[in-house]
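The values are calculated or read from the model by the stated rules, or taken from the named source; none is laboratory data. None of the values given here were measured: they were computed from a predicted structure. Reconstructed Cβ throughout: ideal geometry from the backbone, glycine too, with neighbour counts over all protein chains shown. Side chains included, ligands, DNA and RNA excluded: accessible areas come from the protein's heavy atoms. Shrake-Rupley method; radii C 1.70, N 1.55, O 1.52, S 1.80 Å.
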Amino acid sequence: MRSRTPDRLCAEAVDLARAAAEEAALPGTVGEHVQAVADGDRVVTHSFLCLDPAYRGWRWAVTVARASRAKNVTLDETVLLPGPDALMAPEWVPWSERLRPGDMGPGDLLPTDAEDLRLVPGWSGEDVPPPNSAVSEEMDRLAEAEDADVVPGSPAAQPAVPARGTIAAVAEELGMRRARVLSRYGLHTAADRWDETHGAKTPMAQAAPASCVSCGFLVPIGGSLGQAFGVCANEFGPADGHLVSLSYGCGGHSEAAVMPKPPRPAPPVIDETLVDPLPLRSEPADDEEDEELGHS
């Protein structure tokens, strides 16, 4: 059984421990003595505060020891350890778990795991996967390199167009003539993700006068996802250019508020479009002319 009581000679070797800490640390960064803890029989660790602003709350830990029946205390090791209130970096997380939508930029490459559950093998027409496949030996070697360059056989290399009427042509028309295609799991996760942002449960859809399935701005898409999603083509809508659920909706629905035809104005009571000629001076009546000439 190891004793929990610090050895007296080792516990008294504070000056030896401080000298070792000052030798390892920057000048003036070793603070006051905090405690002496027994690590075993005749083994004691002395802790000193670290005054370096970059290591707030850390402590210099100096371990001293002595041999059995010896009075000479010797230095074991000196390390910088975090204290209970130490400022520490967050726990390291692999890049695959840190990656978020929108993090990729121009020129970035995102390797796909060969066992990705979102993908299943497609039909390439050959037993050997093409060079641009993630399961090929060539791409496996590139994935292991830290600084891999794009070589012939990259995803930019497209296969030749198959002859019409062949199985390869049918597979290409169905979108299956690729190294890997979306699995059922990949389809479901994509549908759940899109429905969460542009689905029936969003506040915009709850306040919409009608759903996108009856909107004239909805552009249909192919494949099995076309049964539940489409692309919004209303430039004034909040989801323009995005995949939206057929049960989604917004105030920009094509039939929500059809603009009425402007009413035809009533005919004017006074025709102000014509000009009535008016004389500069009024003409006298016939009886007035006879009186001026002296006729009876």
Any pair with Cβ under 7 angstrom, 6 or more apart, that starts in the stretch 199-210 at a residue that is more than 17 Å from GLY230 (Cα to Cα) and ends at one that is open to solvent by 30 Å² or more (accessible area, probe 1.4 Å) and of a type in the set (A, V, I, L, M, F, W, C): PRO209/ALA256
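Out of the stretch 71-89, which residues are of a type outside the set (A, V, I, L, M) and within 19 Å of GLU22 (Cβ to Cβ)?
Of the stretch 71-89, the ones of a type outside the set (A, V, I, L, M) are 71-72, 74, 76-78, 82-85.
Once the filter is applied, which keeps residues that are of a type outside the set (A, V, I, L, M) and within 19 Å of GLU22 (Cβ to Cβ), the stretch 71-89 yields THR74, ASP76, GLU77, THR78, GLY83.
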Residue within the stretch 39-62 that is open to solvent by 70 Å² or more (accessible area, probe 1.4 Å), on the phi > 0 side of the Ramachandran plot and out of contact with any strand residue (DSSP E or B) (no Cβ under 8 Å at 6 or more places or on another chain) present: no
Filtered residues of the stretch 77-93 (kept if closer than 13 Å to ARG59 by Cβ and open to solvent by less than 100 Å² (accessible area, probe 1.4 Å)): THR78, VAL79, LEU80, LEU81, PRO82, GLY83, ALA86, LEU87
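Within the bounds of the stretch 276-293, is there any residue that is of a type outside the set (Phe, Trp, Tyr), at pLDDT 90 or above and surrounded by fewer than 10 Cβ atoms within 10 Å (Cβ to Cβ)? Outline the logic, then answer.
Taking the stretch 276-293 and keeping what is of a type outside the set (Phe, Trp, Tyr), we get 276-293.
Right, trim to at pLDDT 90 or above and you get none.
Scanning the stretch 276-293 turns up no residue that is of a type outside the set (Phe, Trp, Tyr), at pLDDT 90 or above and surrounded by fewer than 10 Cβ atoms within 10 Å (Cβ to Cβ).
Within the stretch 226-233, is there a residue that is assigned to a loop (DSSP other than H, G, I, E, B), small (Gly, Ala, Ser), under 26 Å from the mean Cα position of the chain (by Cα) and at pLDDT 85 or above?
yes
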Residue list for the stretch 215-247, filter: surrounded by fewer than 13 Cβ atoms within 10 Å (Cβ to Cβ) and more than 19 Å from ALA190 (Cα to Cα): GLY216, GLU235, PHE236
So THR78, is it more than 42 Å from the chain's Cα centre (by Cα), at pLDDT 85 or above and farther than 19 Å from ARG8 by Cα: yes
The stretch 192-248, residues that are of a type in the set (S, T, N, Q) and over 19 Å from LEU182 (Cβ atoms): THR202, GLN206, SER211, SER214, ASN234, SER247
